[in-house]
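Notes to accompany the following structure.
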Amino acid sequence: MTMVQKTQALELEDYLGDPFDSRNVFSFRTAVEMDELEAYPEAACNMLNDWGLPAYYVPAKLGGKFTSFEQVLNLMRVVARRDLTAAIAHGKTYLGAVAVWMAASVEQQSKLARIILDRGQVSLGLTEQGHGSDLMASDVEVRHEGEKYRLYGRKWLINNATRSRALTVFTRTDPQGGPRGFSLLLVDKAEIDRRQYSLVPKIKTHGIRGADISGIQFSGCSISPDAFIGKIGSGLDITLKALQVTRTMCSALSLGAADTALRITLDFAQQRRIYNNTVVDIPYPRQLLLESFLDLLVCDCTAVGGARALHVAPEQMSVWSAVVKNFVPVTVETLIQQLSRVLGARFYLREDHCAGMFQKIVRDNAIVSLFDGSTAVNLEMIALQLRRRLRENPATNTRETPEDKLSTIFNIAEPLPEFIYEAFDLSCPGADPVFSTLSRINNQLEAFWAAAPDGVANALKSLVTELQGAVSALRTEVEAAWKSNALGTRPSARLFRLAQRYSTLHAAASCLHLWTRSREHLDPFFSDGIWLILALRRLLGSSAIVTDDATVAKWEGQVFDELLKLHRDNRLFAVTTLALSPRELVGKVSIQQ
Amino acid sequence: MNGVSEVKPLEASDVLLWLVSRFARWLKMKPDELDTSQRISQYGLDSVAAVSLSSELEDELGIQLETAVIWEYPTLESLAGHLAGELSRQGITTLPAVDA
């Protein structure tokens, strides 16, 4: 990440203070207490407003401070590591606004920018009680009655439906439906008749219990003809494109949650003595902690690659965003489960260790894989394009992402081009560039191979070959599965499974590319590549034997030491690590009842 | 591929014939079961899944298409008309063999 982005994330981190200190608004104790009360994190959101976070949701040309999604990823991660409820409650304004930035008129954009900069919240009215992810079955509709447009129907499970000042609403505009039968509306509650809509009360949820997840019922609500976002009938296209942005950005929430889950588990594992040993010194929990750290680093690379790709390769995002949205939240769910085994009984407590924060994270993080398109929806989006994404020869397609685009995506020191909302597409133009460029990695690393210890160089070389082989094997499987699947219909269960494998390999390639191109800008531990060997080995499966057991054990020891060091030094568990707000008692359990 | 090589531009009717055979294969139906004036979605073609069809058409025909082409031209007849225009504009005068 560039210095400017790092500075902003550091500023916000510093402003929000030590979450282990119960006196802070953004403390773990407060987060748990508010969750117990199922109370909206009002004070926390006000703090974010006071800092000026809403300006980062608004494009600069409209008076905001947005410069890049990498920047927003880092800002949201800093909030999410403290409290997912507050991060989601606040960040959902971006979800509500993105379609407007993408396709609305200049007047609508200026109006919404003013609302957000004035701290107004915006929500996306997409889902309905009877239809879930099936957007084309949506019943909420606009009827053209005489001179007026009137809105009917109920949107349900909408983040901030009650509290928001404005909503973008996905509505049916052709009774027959179909891909041109839906439109998006920008509805400003201040401009509609209060008697023509009612709010559906907040529903009780498993996690983020304080969030305003409610609904809105429109009862012939009179809508201005200016309320349509883009052309009438373009609602499905715009929504599918807007979700490509938010799906990518959801990863910030999981990254923040994973960081805290790992940090507070390490707090425990370093203090707790059992069977005459400290937990960190017992092989099994030590291994679980190490694996969690590696998985978090993989998620970090995958998310950073995705956020940067939004700028550099928007045409790739229909699949790329689905990979990030599928891989990161689900991997973090598994990571948290692993950590719960280290914590033992304490993972289940709603008080005591770290004020009961861990169980809140378990529940809160579970929603990330659900919203903005569930894991199934994302796997389907990947499955539909699997064959083309795995094509061997990308050169035949003139719209192929060139090598220099990939360089910009994965070289974190390189400034990102301005983000272009109009450049998104519903499908990708060709093969996935993270795979089609793998064959060039060896050449790009010539200087590294010459300088690296033999063991490291050989291991990495064999993993690059292994990854290429895995992509090739997947291609063969997809070809076979493709033939037995009727095209234009829902993909088979087999294609879903292959889409999952594709996501894992895309994550592996993301790590490799990011490391290859950013290595010189990383801290020594991250640039030496040992973590990458262990991470790739894990992603590719245990069959990837790269060296002897003793060497692997030595490397694992080195990576584990780095984990402990980052924890002790109070730094973010990330490839582009960050200094966190000082903890008074680092490594100690500073919050206890 | 056994292209039908002719120098004159493709007619919409040629493209329609080809499309019927392709869609019959993709949708696992018989060609005579497809009514070319009906919306393709009538035959179980899922609107979102249709996104993948534009890629297949691009690959088979060697042209570039808008992803939402099947949303814009929802019947085989209208799609054939559009594709004939695109093929001509992009300088393509042959179609892949029907049985390819």
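The values are calculated or read from the model by the stated rules, or taken from the named source; none is laboratory data. Because the structure is predicted, anything quoted here is derived from the model rather than measured. Because the Cβ atoms are built from the backbone with ideal geometry, glycine has one as well, and the counts that use them run over all protein chains shown. Note: accessible area is taken over every heavy atom of the protein model, side chains too, but ligands, DNA and RNA are not part of it. Shrake-Rupley method; radii C 1.70, N 1.55, O 1.52, S 1.80 Å.
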Yes/no for A:Asp548 being without any contact (Cβ under 8 Å) to a residue 60 or more places away in the chain and of a type in the set (Asp, Glu)
yes
Of the criteria (1) surrounded by 21 or more Cβ atoms within 10 Å (Cβ to Cβ); (2) at positive phi; (3) of a type outside the set (Phe, Trp, Tyr), which one A:Gly235 fails
(2)
When residues of the stretch B:8-54 are limited to those that are polar (S, T, N, Q) and in contact (Cβ under 8 Å) with a residue 12 or more places away in the chain, the one farthest from B:Glu72 (Cα to Cα)
B:Ser21
Residue count, the stretch B:70-92 (criterion: away from chain A (no Cβ under 11 Å), assigned to a helix (DSSP H, G or I) and touching a helix residue (DSSP H, G or I) at 6+ places or on another chain (Cβ under 9 Å)):
12
Considering residues that are in a loop (DSSP other than H, G, I, E, B) and farther than 19 Å from A:Arg389 by Cβ, the number found within the stretch B:47-61 is 1
Report yes if A:Leu240 is part of a helix (DSSP H, G or I), open to solvent by less than 30 Å² (accessible area, probe 1.4 Å) and at pLDDT below 95, otherwise no.
yes
Restricting to the stretch A:93-142, what's the tally of residues that are open to solvent by 20 Å² or more (accessible area, probe 1.4 Å), of a type in the set (Val, Ile, Thr) and over 17 Å from A:Leu370 (Cα atoms)?
1
Are any residues in the stretch B:22-53 modelled with pLDDT of 85 or more and crowded, with 18+ Cβ neighbours inside 10 Å, and if so, which ones?
B:Arg22, B:Phe23, B:Leu34
Helices (runs of 4 or more DSSP H) within the stretch A:293-390 that include 1 or more residues in contact with a Phe, Trp or Tyr (Cβ under 7 Å, 6 or more places away or on another chain) and farther than 18 Å from A:Thr260 by Cα
A:317-343, A:375-384, A:386-389
Set A:Thr278, A:Thr331: member being open to solvent by 10 Å² or more (accessible area, probe 1.4 Å) and within 12 Å of the chain's Cα centre (by Cα):
A:Thr331
When every residue in the stretch A:501-532 that is β-branched (Val, Ile, Thr) and under 24 Å from the mean Cα position of the chain (by Cα) is compared, the one surrounded by the most Cβ atoms within 10 Å (Cβ to Cβ) is A:Thr516
Quick count over the stretch A:529-578, residues being of a type in the set (Ser, Thr, Tyr) and farther than 21 Å from A:Glu466 by Cα, is 2
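Residue-by-condition table, conditions (1) within 14 Å of chain B (Cβ to nearest Cβ); (2) at pLDDT 85 or above; (3) open to solvent by 10 Å² or more (accessible area, probe 1.4 Å); (4) touching a strand residue (DSSP E or B) at 6+ places or on another chain (Cβ under 6 Å):
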position: A:Arg399; (1), (2), (3), (4): yes, no, yes, no
position: A:Thr408; (1), (2), (3), (4): no, yes, yes, no
position: A:Asp432; (1), (2), (3), (4): yes, yes, no, no
position: A:Ile441; (1), (2), (3), (4): no, yes, no, no
Could you check how many residues of the stretch B:41-69 are of a type outside the set (S, T, N, Q), more than 7 Å from chain A (Cβ to nearest Cβ) and touching an Asp or Glu at 6+ places or on another chain (Cβ under 9 Å)?
7
What is the number of the single condition among (1) within 30 Å of A:Pro59 (Cα to Cα); (2) crowded, with 22+ Cβ neighbours inside 10 Å; (3) modelled with pLDDT of 90 or more that A:Cys428 does not meet?
(3)
When you check A:Gly230 against the structure, is it surrounded by fewer than 23 Cβ atoms within 10 Å (Cβ to Cβ) and under 17 Å from A:Asp174 (Cα atoms), yes or no?
yes
Residues of the stretch B:54-100 that turn out to be open to solvent by less than 20 Å² (accessible area, probe 1.4 Å), of a type in the set (A, V, I, L, M) and out of contact with any Phe, Trp or Tyr (no Cβ under 7 Å at 6 or more places or on another chain), as a count:
12
Going through the stretch A:14-57 one residue at a time, which ones are part of a helix (DSSP H, G or I), surrounded by fewer than 22 Cβ atoms within 10 Å (Cβ to Cβ) and of a type in the set (Asp, Glu)?
A:Asp14, A:Glu33, A:Glu36, A:Glu42, A:Asp50
Scan A:Ile223, A:Ile229 and give me the residue that is farther than 27 Å from B:Val69 by Cα and not charged (D, E, K, R).
A:Ile223
For the stretch A:189-219, how many residues are touching a residue at least 60 places away in the same chain (Cβ under 8 Å) and touching a Lys or Arg at 6+ places or on another chain (Cβ under 7 Å)?
6
Kindly indicate whether any position in the stretch A:187-203 is within 30 Å of B:Ala68 (Cβ to Cβ) and open to solvent by less than 40 Å² (accessible area, probe 1.4 Å).
yes
The one condition in (1) within 19 Å of A:Ile213 (Cα to Cα); (2) surrounded by fewer than 18 Cβ atoms within 10 Å (Cβ to Cβ); (3) among the hydroxyl-bearing types (Ser, Thr, Tyr) that A:Thr168 fails to fulfil:
(2)
Residue under question is A:Ser234, and the condition is that it be under 30 Å from A:Gln71 (Cβ atoms), of a type in the set (S, T, N, Q), in contact (Cβ under 8 Å) with a residue 12 or more places away in the chain and within 14 Å of chain B (Cβ to nearest Cβ); does it hold?
yes
Among strands (runs of 3 or more DSSP E) lying entirely in the stretch A:70-180, which contain 3 or more residues that are farther than 28 Å from A:Phe419 by Cβ?
A:141-145, A:148-159
Identity of the residue in the stretch A:435-489, touching a Phe, Trp or Tyr at 6+ places or on another chain (Cβ under 9 Å) and without any contact (Cβ under 8 Å) to a residue 12 or more places away in the chain, that ends up nearest to A:Phe526 (Cα to Cα):
A:Ala457
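Listed here are the residues, each with its yes/no results for (1) touching a residue at least 12 places away in the same chain (Cβ under 8 Å); (2) in contact with a Phe, Trp or Tyr (Cβ under 7 Å, 6 or more places away or on another chain).
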residue: A:Trp101; (1), (2): yes, yes
residue: A:Glu107; (1), (2): yes, no
residue: A:Gly130; (1), (2): no, no
residue: A:Tyr152; (1), (2): yes, yes
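Let's see how each residue does on (1) of a type in the set (Phe, Trp, Tyr); (2) within 14 Å of chain B (Cβ to nearest Cβ):
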| position | (1), (2) |
| --- | --- |
| A:Phe358 | yes, no |
| A:Ile361 | no, no |
| A:Val368 | no, no |
| A:Asn378 | no, yes |
| A:Leu386 | no, yes |
| A:Pro429 | no, yes |
| A:Leu445 | no, no |
| A:Ala452 | no, no |
| A:Asn458 | no, no |
